[in-house]
Structure formats: structure tokens, C-alpha cells
Amino acid sequence: MKGRCRFYPLFLSVLTTGLLLLSACSQKTAEIVIVPDNQKNHLQRNHIYGNVKELTTCTLLPDEQYVRSDSLCLDSLRFDTVAIVIQHYSMDGYMLDYCKLSPQLDTLSLRVFSYHSDARPDCWTEFYPGSFDTLVCKYEYDMNDFLSAEKVYANDSLISNIAYKTDGAGNVVEMVRFYDGYSVRNTSKYNAQGLLSRVDEFEPSGKLFKYITIEYDNYGDEVNRRAFKGENDLIEYTYTQYQQDGSLQKVLFEDRLHHSKEQYEYAGHDAQKNWTSEVRYKDKKLIYKRIRTYIYY
């Protein structure tokens, strides 16, 4: 009888542990949904979270006397606003217009976008207040409603002409940009999740000039981008770092051809995980600061 009493607590402990393990196993792990590139809206393509209605980005430069300092306390510096950009988005995350303002809040340019009923871009028109000049970009599609051309006109004169080829899913696999007397071709490949994984850039002669490889984390966010000249000569490298919640933390860029390094630091994020402050350094020297504010639907 005494032996049974000593065994019962042990049996109960093992049984409880087993039930907890079974319960944990029965709970489904949260599924990670990766959106293919050709299904992303403008917000998703730019790593912006939430139903953003308006996004304002202010670019600020430090006083010249601080630009060459290697050790900076940002809070002690005086910055001057040099550019302001305001973007408006639709409820489903597509850009409606893009406005550039001067530091005095004068409108420098306004680009307005229009779409087909299925969210395919139709065209955009860019206006310049005080000028009769306008830019118009028109998108063309094939019989499957996949992108086939993008043409930009300045006052009805064609200034840019790009032709596209797509795969069966609508991903752009070839882009040819036409210039006077020659053309430049790029080809693209995608991974199993439909994310861009490689871009090949060719010279007008058809010889491979440069190729870019892109790697992603388990959430489909870009982490490594490498550019190679020719076959395997690494010339550029970009590493992107995120915080635990997926918000952007840091971007490191190395240009091996010109022996320079750049660093982008993102401090301050709102409740939607969008960054509110970006600071750019080049070779340890402060270049600019950008401040973002968001208005949500």
C-alpha cells in the first residue's frame, strides 16, 4: 500500500506532462504567408505595414561643419529640410498620387496614377506647376492581361520605351529598354515562393555584364543581395537586418568597386511596425536623415 502511494504522484506527474505535450502538439503553428511579387501592392513592395492612407517623408541634411565628423550625437545637430514627398494610397494599398514639395511647401511636381478595375496599372501623369510640360507613362498588356510594354511621353514625344516578357504567372522574366540605335536587356528568375531571386543584366552586344542574386528569410523578407560582374566577381553586397517583430532595423551596403560602405539605421517605429526615422552614413560620415509620418485609414 505504501509503495502504491509513492508511485501515484509520479504517475500523475508523467500523465500531466504527457497531456500537456499532446495539447501543444495539437495546436497548429501559425502559418507564414508569403505573397508572390506579382501579387503585391505598392505598400507590400516597399515593406510598409497597415492600411496607410498618407505617407510623408522629409529629407534633412546636417550643417556642413558636421558632415565630416566620424562620431556624432544626432540630438545635438541642426538639420535643414531639403525635400518633402507626400504619397497617398488606396484602401487596397496602391499608390494614388506622389507629390514633391520644396522646403517652403511649394509643389514641385505631382504624379497621379490610374488603374484598371483589376488593379493593373493603366497610366500615370506627372505635372509641374507653372509649366506646360507633362510626363505620361502608359502601360500595355498582352492577350493574357500581363504587362508587355511601358512607354513614357514628354509632351507627346516618346522618351522611354520598355518591352516586357512574362511567364505563365505574370512574372516579368525579360525586360528590354530601347535607346537610340541600341537596346539593353535584363532577365529575371523567381524562387518557389514567386519572389525575385536573380537578375541578369546584358550589354548591348548581348554579353553578360552583371548579375544580381537575392536571398530571403523564412518570412519572405529580403536579407542578402549580391551583385557580380561577369561570372563570379562580387562587386556589391547588401545585407538587411530586421527586428524580432519583422520591422526594419538596419541596411548595410558595400561597393567593392569604389571601396565604399554605406549604412542605413532605422530608429523609431510606430504601432504598425513602420519606421519613422532613417539615418544614412557613407564611409562613417553622416549623409542625411529622413523622417516619416503616417496616416492610416
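The values are calculated or read from the model by the stated rules, or taken from the named source; none is laboratory data. None of these values were measured; they are calculated from a predicted model. Virtual Cβ from ideal backbone geometry, glycine too; neighbours counted across all protein chains shown. Side chains included, ligands, DNA and RNA excluded: accessible areas come from the protein's heavy atoms. Shrake-Rupley method; radii C 1.70, N 1.55, O 1.52, S 1.80 Å.
Using a Gaussian network model of the chain whose springs link C-alpha atoms within less than 10 Å, name the residue from 101, 158, 248 with the highest mean-square fluctuation.
Result: 158 has the largest fluctuation of those listed.
What's the carbon and sulfur percent of the chain's accessible surface, probe 1.4 angstrom, rounded to a whole number? Please list the in-between numbers first.
On the way: 9980 of 18930 Å².
On the chain, the fraction of accessible area on carbon and sulfur atoms equals 53 percent.
Using DSSP to define loop residues, name the trypsin sites (Lys or Arg not before Pro) in segment 232-289 whose beta-carbon has at most 14 other beta-carbon atoms within 10 Å.
Numbers: sites: 250, 256, 261, 273, 280, 282, 284, 285, 289; in loops: 256, 273, 284.
Qualifying residues, ordered by number: 256, 284.
Just how far, in whole angstrom, is segment 123-186 from segment 187-202 if you go by their alpha carbon centroids?
Cα centroid to Cα centroid, the span is 20 Å.
Can you spot the aspartates and glutamates whose alpha carbon is less than 18 Å from residue 284's alpha carbon? Ignore those fewer than 8 places along the same chain.
Of all the aspartates and glutamates, those that pass the test against residue 284 - Cα under 18 Å, at least 8 places apart if same chain - are 63, 64, 70, 75, 236, 254, 255, 262, 265.
Could you calculate the contour length gain from residue 267 to residue 183, that is, 0.36 nm times the residue separation minus the distance between their Cα atoms, to one decimal place in nm?
Difference between extended and current length: 26.0 nm.
Place a point 7 Å from Cα of residue 226 in the direction of its Cβ. Which residues in segment 173-191 have their backbone N less than 20 Å from it?
Label zone hits: 187-191.
If you take the square roots of the eigenvalues of the alpha-carbon gyration tensor of segment 191-297 and sort them as a ≥ b ≥ c, do you get rounded (a/c under 1.5), prolate (a/b over b/c) or oblate?
It is oblate, given that a/c is not under 1.5 and a/b is not larger than b/c.
Mind listing which chymotrypsin sites (Phe, Trp or Tyr not before Pro) in segment 121-160 are in a DSSP loop and have 13 or fewer other Cβ atoms within 10 Å?
Those that pass, being in a loop and sparsely packed, are 132.
Once R0 is set to 30 Å, what does the formula 1/(1 + (r/R0)^6) return for the Cβ-Cβ distance between residue 213 and residue 296, expressed as a FRET efficiency to the nearest 0.05?
0.25
Please go through the residue pairs 165/210; 250/285; 165/229; 100/273 and name each one whose alpha carbons sit more than 18 Å apart in this structure. Please list the in-between numbers first.
Values: 165/210 20 Å; 250/285 16 Å; 165/229 24 Å; 100/273 25 Å.
Table pairs above 18 Å Cα-Cα are 165/210; 165/229; 100/273.
To the nearest 10 degrees, how steeply does helix 2-26 sit against the main Cα axis of the chain, on a 0 to 90 scale?
Roughly 20 degrees, rounded to the nearest 10.
Quick one: longest stretch of the chain between exposed loop GluC sites (Glu not before Pro), exposed meaning at most 16 other C-beta atoms within 10 Å and loop per DSSP?
Values: sites that count: 31, 231.
Free of exposed loop sites, the longest segment is 32-230.
Note down the net charge around residue 260, summing +1 for each Lys or Arg and -1 for each Asp or Glu among other residues with Cβ under 12 Å from its Cβ.
0
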